[in-house]
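Asker: Before anything else, here's the structure in question.
What follows draws every value from the coordinates through simple rules; no lab data is involved. Computed from a predicted structure; not experimentally measured. Heads up, the Cβs are rebuilt from the backbone with ideal geometry, glycines too, and the neighbour counts pull from every protein chain shown.
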Amino acid sequence: MTSRERMARAMQGEQPDRVPVMCQLSIGHMLLQTGFRPHEFWLSAELFATGLVRLRELYSFDGILVSLHGHRPDWDREIIAVRQEGEKEIVIWRNGDRTIFPPDDLPLHLPTRPIVPPDFTSFALESIPEEIDYIPVSQGLMFPIDREHGYDIFDLVKSQAGEEYSIHGEVTSPFDYYLHLFGFEQAMLFLIRDPVKVKAVLQCFTTGIIRIARRQLEKGVDAIKISSPFAGAGFISPRFYREFVLPFERQIALAVREEGVPVYLHTCGAIGDRLELMIETGVSGLECLDPPPLGNVTLEEAKRRIGHRVFIKGNIDPVNVLLKGDRETIQRDVLTRLAIGKKGNRYILSTACSVAPRTPRSNVQLLAELVEEAGWY
């Protein structure tokens, strides 16, 4: 059975030959393990694709998550200088902006003029374009989507990886776009002050995100992940989740599944109070399920409550087990999760959230070793 077939069976609720293994990797970890220059890895589709494929080989994963797309082929034309300051690269752009690229983390973009969120009250819905041209990565960081080359990365990855492995695309939740556009404080305030307009904004983003998902489907991805990190208990209540997240993510999930492709949700932190709500979105699976102390979900509980309805991808603690743990700690943790996860199928071994930047390579490689030892059905 190929890795691609193995992943497909697990996501469809059928029994594969063994438990698949596939983790999401932080950008910092990718940089440290590939050795590419940070700004080139971030900006070049060719280097990013090469890095993804190399890391899959390094860790014997059954799949590859393509977390960024839309790289400009002429990305270096707007750069006037790249300076080295210690371990960091400082890129100076023609418009005067600077971007700081650490060796083990996401870049920090510093515009010449501060970006001020639009006023929600006077905001015009028509200003949200039908074709969304950026990805809200994290903490105000945007990744532009080039209109002419928005999905080239999928061809590059597939040409290098071949047909044997499961290739996953990624879209971002409408709720994340909303938070990014208006800023967290204003965005959260208007969930209460003007919920009708908030939902109209979310619907505009949902329509655009479905377009992105469909373009990824045209590239032949085997699954699509909906990144929804701010939909956990640390940010919104179950009532607000039902009102401002669920209806919009449901539309995305339906659009993907109508094409016969699995779709799964990635939500960080504590989600124990909303597991059943999350699968009301109609997704095929859930990722993360952070265990204590990072979150509040145990794998045994998740399997009992929702494991018969969706696949589960997780939930190794990426900090206290994989980053800080020794071989014995990791072995004990993973073997326990395999024993629980194998029951009833529908399980993919993974860290809960991303593999932390400075996680030792040997610790991550141990996951595939343990699956070969104890993951067979």
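Asker: For the range 296-308, in order, what is each residue's ³J(HN,Hα) by Karplus, 6.51 cos²θ - 1.76 cosθ + 1.60 with θ = phi - 60°, in whole Hz (x at glycine and Pro)?
Answerer: Listing the rounded values in order: 9, 10, 9, 4, 4, 5, 4, 4, 5, 7, 9, x, 8 Hz.
Asker: While we're here: Restricting things to alpha carbons, find the Rg to Rh ratio for the chain using the Kirkwood radius for Rh. Let's see the in-between values first.
Answerer: Values: Rg = 20.1 Å, Rh = 21.2 Å.
In the chain, Rg relative to Rh is 0.95.
Asker: Using the C-alpha atoms of the range 147-195, what convex hull volume per residue, in cubic angstrom, is computed? Kindly include the intermediate steps, with their values, before the conclusion.
Answerer: Numbers: hull volume 5.5 nm³, N = 49.
Per-residue hull volume (Cα only) is 112 Å³.
Asker: Between ILE167, HIS149, PHE184, whose Cα lies farthest towards the positive end of the dipole of the range 139-184 when Lys and Arg beta carbons carry +1 and Asp and Glu beta carbons carry -1, centred on the Cα centre?
Answerer: Of the candidates, PHE184 comes out farthest on the positive side.
Asker: Oh, and also: Select from VAL319, LEU338, ILE271 the residue farthest towards the positive end of the dipole of the range 216-346; place +1 on Cβ of Lys and Arg, -1 on Cβ of Asp and Glu, and compute about the Cα centre.
Answerer: Farthest along the dipole direction, towards plus: LEU338.
Asker: What's the magnitude of the charge dipole for the range 11-87 around its Cα centre, counting Lys and Arg as +1 and Asp and Glu as -1 at the beta-carbon? Answer in Debye, nearest 20. Spell out each step's value before the answer.
Answerer: Details: 7 positive and 11 negative charges, 12 e Å.
That gives a dipole near 60 debye.
Asker: Given 0.36 nm per residue, what is the gain on full extension from SER127 to THR2 after removing their alpha carbon distance, in nm? Working shown, then result.
Answerer: Details: separation 125, 0.36 × 125 = 45.00 nm, distance 4.57 nm.
Between SER127 and THR2, full extension yields 40.4 nm more.
Asker: In whole Hz and in residue order, list the ³J(HN,Hα) couplings for the range 311-323 that follow from phi through the Karplus curve 6.51 cos²θ - 1.76 cosθ + 1.60, θ = phi - 60°; x for Gly and Pro.
Answerer: 7, 10, 10, x, 10, 5, 5, x, 9, 6, 9, 7, 6
Asker: In addition: Using the Kirkwood formula over every pair of different C-alpha atoms, what hydrodynamic radius in Å results for the range 156-251? Walk me through the intermediate numbers first.
Answerer: Numbers: mean 1/r = 0.0684 Å⁻¹.
Taking every pair of different Cα atoms in the range 156-251, averaging 1/r and inverting gives 14.6 Å.
Asker: Which semi-axes, in whole Å and largest first, does the equivalent ellipsoid of the range 24-154 have when worked out from the alpha carbon gyration tensor as the square roots of 5 times its eigenvalues?
Answerer: Working: eigenvalues 141, 80, 40 Å².
Semi-axes from the Cα gyration tensor: 27, 20, 14 Å.
Asker: Over the range 272-377, what is the mean sequence separation of C-alpha contacts under 8 Å (at least six apart), divided by residue count, expressed as relative contact order in percent?
Answerer: Numbers: 154 pairs, mean separation 30.0, N = 106.
It comes to 28 percent, rounded to a whole number.
Asker: Continuing with this model, one more query. Residues with amide H under 5 Å of VAL263's amide H, sequence separation 5 or more or different chain, H placed in the peptide plane at 1.01 Å from N; which?
Answerer: ILE224, SER284, GLY285
Asker: Got a sec to turn the phi values of the range 348-363 into Karplus ³J(HN,Hα) couplings, 6.51 cos²θ - 1.76 cosθ + 1.60 with θ = phi - 60°, whole Hz, x for Gly and Pro?
Answerer: Rounded to whole hertz, the list is 10, 6, 6, 5, 4, 9, 5, 5, 5, x, 9, 5, x, 4, 5, 5.
Asker: Roughly speaking, what is the centre-to-centre gap between the range 9-65 and the range 182-261 when only Cα atoms are used, to the nearest Å?
Answerer: 25
Asker: While we're on this one: Once Lys and Arg get +1 and Asp and Glu get -1 on their Cβ, which of LEU47, GLY63, ASN95 lies farthest toward the positive end of the dipole of the range 29-119?
Answerer: ASN95
Asker: Separate question: For the range 131-208, what is the charge dipole size about the Cα centre, in debye to the nearest 20, if Lys and Arg each add +1 at the Cβ and Asp and Glu each add -1 at the Cβ?
Answerer: Details: 5 positive and 12 negative charges, 109 e Å.
Rounded to the nearest 20 debye, it is 520 debye.
Asker: How big is the range 276-370 along each principal axis, measuring the range of its Cα positions in Å and listing the largest first?
Answerer: Answer, in whole Å and largest first: 37, 23, 19 Å.
Asker: If amide H atoms are built 1.01 Å from N in the plane of the peptide, which residues on other chains or at least 5 residues away come under 5 Å of the amide H of GLU89?
Answerer: Correct list: PHE101.
Asker: Further, regarding this structure: What does the charge dipole of the chain about its Cα centre add up to, to the nearest 20 debye, if the Cβ of each Lys and Arg holds +1 and the Cβ of each Asp and Glu holds -1?
Answerer: 740
Asker: Can I ask one more? Could you grab the relative contact order for the range 64-161? Cα pairs under 8 Å, six or more apart, rounded to a whole percent. Kindly include the intermediate steps, with their values, before the conclusion.
Answerer: Working: 110 pairs, mean separation 29.8, N = 98.
Worked out over the range 64-161, it gives 30 percent.
Asker: Given springs between every Cα pair under 10 Å in a Gaussian network model of the chain, which of LYS303, LYS313, LYS88 has the largest fluctuation?
Answerer: LYS88
Asker: For the range 181-237, list log₁₀ I(q)/I(0) at each q in 0.21, 0.24, 0.29 Å⁻¹, using the Debye formula over Cα point scatterers of equal strength and ignoring solvent, two decimals each.
Answerer: Treating every Cα as an identical point scatterer, log10 I(q)/I(0) equals -0.94, -1.06, -1.22.
Asker: Here is a follow-up. Quantify how much of the Cα-Cα distance distribution of the range 1-100 extends past 17 Å, in percent. Display every interim value, and only then the final one.
Answerer: Working: 3004 of 4950 pairs.
That tail contains 61 percent of the Cα-Cα pairs.
Asker: Under a no-solvent Debye model with one identical scatterer per Cα of the range 200-358, what's log10 I(q)/I(0) at q = 0.19, 0.20 Å⁻¹?
Answerer: Log10 I(q)/I(0), no solvent term: -1.19, -1.27.
Asker: So for HIS71, HIS308, HIS39, HIS149, fewest C-beta neighbours within 10 Å to most, what's the order?
Answerer: Taking fewest neighbouring Cβ atoms as first place, the list is HIS308, HIS149, HIS39, HIS71.
Asker: Further question: Under the rule of at least 5 residues apart or a separate chain, name every residue whose amide H is placed under 5 Å from the amide H of ILE64.
Answerer: Residues meeting the amide H criterion: SER166, ILE167, HIS168.
Asker: Which GluC sites (Glu not before Pro) does the range 44-138 hold that lie in a coil by DSSP with at most 11 other beta carbons within 10 Å? Could the numbers behind the result be given before it?
Answerer: Numbers: sites: GLU46, GLU57, GLU78, GLU85, GLU87, GLU89, GLU126, GLU130, GLU131; in loops: GLU87, GLU130, GLU131.
Listed in order of number, the matching sites are GLU87, GLU130, GLU131.
Asker: Can you give the calculated 222 nm mean residue ellipticity of the chain, where each DSSP H run of n ≥ 4 adds -39,500 (n - 2.57) and the sum is split over every residue, rounded to the nearest 500 deg cm²/dmol?
Answerer: Details: 14 runs with 153 residues, N = 377.
Only helices count here, giving -12500 deg cm²/dmol.
Asker: If each residue's Cβ is checked for other Cβ atoms within 10 Å, how do LEU323, LEU58 rank with the fewest at the top?
Answerer: Numbers: LEU323 18, LEU58 14.
Going from sparsest to densest Cβ surroundings: LEU58, LEU323.
Asker: Over the chain, calculate the relative contact order: mean separation of alpha carbon pairs under 8 Å at least 6 apart, over the residue count, as a percent. Write out the running numbers ahead of the final one.
Answerer: On the way: 737 pairs, mean separation 78.4, N = 377.
Relative contact order here is 21 percent.
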